[in-house]
């Protein structure tokens with residue numbers, strides 16, 4: 001008898017979770033429902049972020065273009081991996097240059 005109440009509570013809870021997910025949608029930041037094959041020149045890409053499968057229904061790399069568009073890419077795709085590496089190198093170079101300029105300004 002006690003087990004039946006626990007089981008019924010569990011089913012009610014899971015039903016409620018699925019209804020909330022259906023009406024509100026997946027977690028915040030789940031812009032991509034699937035990966036696309038779209039590839040653009042890296043000069044058009046501003047940044048990227050990772051959409052995790054634990055929160056959303058699919059794991060993708062979200063590239064944000066300077067025009068504000070989001071490109072959803074397969075994280076295992078070679079273009080995706082190369083673009084992420086290039087963006088990381090650019091970001092590191094910009095930080096290094098910024099730190100160098102700060103050091104020059106501090107010198108008498």
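Only one of the numbered conditions (1) at pLDDT 95 or above; (2) surrounded by 13 or more Cβ atoms within 10 Å (Cβ to Cβ) is not met by residue 59, and that is (1).
Of all residues in segment 1-40, those satisfying the criterion of being surrounded by 10 or more Cβ atoms within 10 Å (Cβ to Cβ), at pLDDT below 60 and not in a helix (DSSP H, G or I) are 25, 26, 27.
Taking segment 41-62 as the range and being in contact (Cβ under 8 Å) with a residue 24 or more places away in the chain and in a loop (DSSP other than H, G, I, E, B) as the test, the residues that pass are 55, 56, 57, 58.
The values are calculated or read from the model by the stated rules, or taken from the named source; none is laboratory data. Every value quoted in this text rests on a predicted model; they were computed, and no experiment measured them. Because the Cβ atoms are built from the backbone with ideal geometry, glycine has one as well, and the counts that use them run over all protein chains shown.
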